[in-house]
Amino acid sequence: MIEIQVTITNTSGLHARPAAQFVQKAAAFKSKVKIAANNKVADGKSILAVMSMGLKQNTQITITTEGEDEKECSKALEDMIKSKFGEE
Amino acid sequence: MVGVVIVSHSQKVAEGIREMALQMSAPEQKIIAAGGMADGGIGTDAFRVSEAIVSADTGDGVAIMVDLGSAVLSTETAFEFLDEELRSKVQIADAPILEGAISAVVEASLGSNLAAVVATAEGARTLNKC
Amino acid sequence: MSGNLYEVISAVGEMIIGNRQKLTDLDAAIGDGDHGINMARGFEAVKAKLQGMEMESDIGKVLKIVGMTLISSVGGAAGPLYGTAFLRAAAPSQGKTELDTQTIGLMLEAAIAGIKERGKATTGEKTMLDALVPAYEAFQDGANTGKTVTACLELAYEAAQQGVEFTKTIIATKGRASYLGERSRGHQDPGATSSYIMLKALVEYLRR
């Protein structure tokens with residue numbers, strides 16, 4: 001299991017298009033993906049769960065990945081968030 | 001991949017929702033707008049809907065998002081014009097049209113089956129906005 | 001029933017178009033006020049469609065075209081409902097150039113079944129079925145006692161008229177009018193009215 005902390009820096013937060021990109025990326029891996037923030041935990045492969053988190057810019061989230069490709073998965077999601085989903 | 005059809009009384013609404021949904025879709029994904037009447041007027045047209053369903057299907061079925069009232073009746077009428085095989089794999093989502101369409105498109109992009117795509121679209125009813 | 005099929009459909013269409021405002025006003029009271037506009041648009045499209053095609057004597061084929069045209073041109077809920085009714089009525093009349101009471105009975109039965117299925121509705125819910133179902137029953141009673149087509153349709157027309165009156169006494173439980181609940185009482189149903197108008201046009205044509 002790998003746990004990382006990362007801050008959402010893109011302007012629109014983890015909403016709509018970024019949320020979709022996150023879920024699509026997470027689903028490409030076999031590992032289980034969880035997002036935790038503001039005392040809530042969501043399945044990182046469920047678009048509804050991720051959108052329901054309402055994660056705004058500057059929120060620090062914890063991403064937990066667990067499975068045979070947890071390392072690659074964790075890295076890919078972290079890179080995606082740090083790249084601001086191509087927003088800027 | 002499950003296709004998504006957007007049925008609205010307004011052509012602009014259907015196309016606008018499609019435009020938003022395309023932002024989140026996979027490149028090969030089919031999202032088809034079936035809005036308004038053939039003459040551009042407000043209304044729903046079962047033939048436009050059935051054509052949209054046929055274009056949206058790539059073999060895995062089609063989830064259909066509807067707006068109000070007769071959109072459901074026209075869509076159900078459209079089912080009658082489909083061949084039996086396709087008719088067995090189309091489903092109307094009881095979901096808000098915009099949120100449902102976006103959620104369905106993302107779910108479909110993950111390679112989920114029709115039942116899962118419809119369930120996710122219907123789950124969009126519970127999305128809080130503030 | 002003989003007579004020119006095109007003239008019959010044209011008579012029905014003209015009466016619907018002539019009642020555009022009345023149907024719209026009835027719908028404005030308990031619905032969204034577009035029934036007259038939508039129905040008139042549908043029958044204008046039917047008129048244009050029939051004028052633009054070669055004369056076809058197969059009644060089933062013509063009714064199918066009418067149904068398809070209504071589906072693609074009415075725009076509101078009445079499009080799929082009446083469109084389905086005409087498509088279903090086309091099946092028993094397929095290949096026929098004249099209609100007897102038995103065939104018309106089957107056509108009405110199929111049309112009503114189509115509307116029930118499409119609208120997931122039944123009688124007593126303040127819909128077009130409250131005019132059409134009694135009309136069908138009256139037609140069948142007449143047919144069973146050996147009356148002529150015209151006589152049977154007269155009976156159906158009278159029953160539809162009473163059906164429209166009946167819709168004033170009940171509350172709507174289907175369609176947009178159902179949102180009004182108790183407040184829908186006292187108003188006659190626009191869908192039942194348009195069904196009645198079609199029968200009226202038919203009977204008036206036959207009386208000529």
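Of the numbered conditions (1) farther than 14 Å from residue C:85 by Cα; (2) open to solvent by 20 Å² or more (accessible area, probe 1.4 Å); (3) touching a Leu at 6+ places or on another chain (Cβ under 9 Å), residue C:125 satisfies every one except a single condition; which is it?
(3)
Is it fair to say residue C:186 is touching a helix residue (DSSP H, G or I) at 6+ places or on another chain (Cβ under 8 Å) and at positive phi?
no
Go through segment C:86-126 residue by residue and tally those that are among the small types (Gly, Ala, Ser), in a loop (DSSP other than H, G, I, E, B) and within 23 Å of residue C:188 (Cα to Cα). Before the answer, list the steps.
Taking segment C:86-126 first, the residues among the small types (Gly, Ala, Ser) are C:89-91, C:93, C:95, C:105, C:110-111, C:113-114, C:119, C:121, C:124.
Right, trim to in a loop (DSSP other than H, G, I, E, B) and you get C:91, C:93, C:95, C:121, C:124.
Adding the requirement that they be within 23 Å of residue C:188 (Cα to Cα) leaves C:121, C:124.
Residues meeting the conditions: 2.
I'd like the full set of residues that are open to solvent by less than 30 Å² (accessible area, probe 1.4 Å) and at the interface with another protein chain (Cβ under 9 Å from one of its Cβ atoms), limited to segment B:26-46.
Residues satisfying the conditions are B:26, B:36, B:37, B:41, B:43, B:44, B:45, B:46.
If you take the residues of segment C:176-195 that are crowded, with 23+ Cβ neighbours inside 10 Å and in contact with a Gly (Cβ under 7 Å, 6 or more places away or on another chain), which of them is nearest to residue C:32 (Cα to Cα)?
C:177
Report yes if some residue within segment B:60-67 is within 14 Å of chain C (Cβ to nearest Cβ) and in contact (Cβ under 8 Å) with a residue 60 or more places away in the chain; otherwise report no.
Within segment B:60-67, the subset within 14 Å of chain C (Cβ to nearest Cβ) is B:66-67.
Okay, now just the ones that are also in contact (Cβ under 8 Å) with a residue 60 or more places away in the chain, so B:67.
Checking segment B:60-67: at least one residue is within 14 Å of chain C (Cβ to nearest Cβ) and in contact (Cβ under 8 Å) with a residue 60 or more places away in the chain.
Every residue in segment B:67-101 that is open to solvent by less than 10 Å² (accessible area, probe 1.4 Å) and of a type in the set (Val, Ile, Thr), please.
B:75, B:77
Give the residues of segment C:24-42 that are outside any helix (DSSP H, G or I) and either more than 11 Å from chain B (Cβ to nearest Cβ) or surrounded by 20 or more Cβ atoms within 10 Å (Cβ to Cβ) (or both), sorted by residue number. Before you say what the answer is, go through the steps one by one.
Narrowing segment C:24-42 to residues outside any helix (DSSP H, G or I): C:31-34.
Result: C:31, C:33, C:34.
What number of residues within segment A:37-65 satisfy the criterion of being assigned to a strand (DSSP E or B), within 9 Å of the chain's Cα centre (by Cα) and not hydroxyl-bearing (Ser, Thr, Tyr)?
2
Looking only at residues in segment B:96-117 that are more than 11 Å from every other protein chain (Cβ to nearest Cβ) and in contact with a helix residue (DSSP H, G or I) (Cβ under 7 Å, 6 or more places away or on another chain), which one is nearest to residue C:67 (Cα to Cα)?
Within segment B:96-117, the match that is nearest to residue C:67 (Cα to Cα) is B:97.
The values are calculated or read from the model by the stated rules, or taken from the named source; none is laboratory data. Just so it is clear, the model here is predicted, and its values are computed rather than measured. Neighbour counts run over all protein chains shown; Cβ positions are idealised from the backbone, glycine included. Heavy atoms of the whole protein, side chains included, go into the accessibility calculation; ligands, DNA and RNA do not. Shrake-Rupley method; radii C 1.70, N 1.55, O 1.52, S 1.80 Å.
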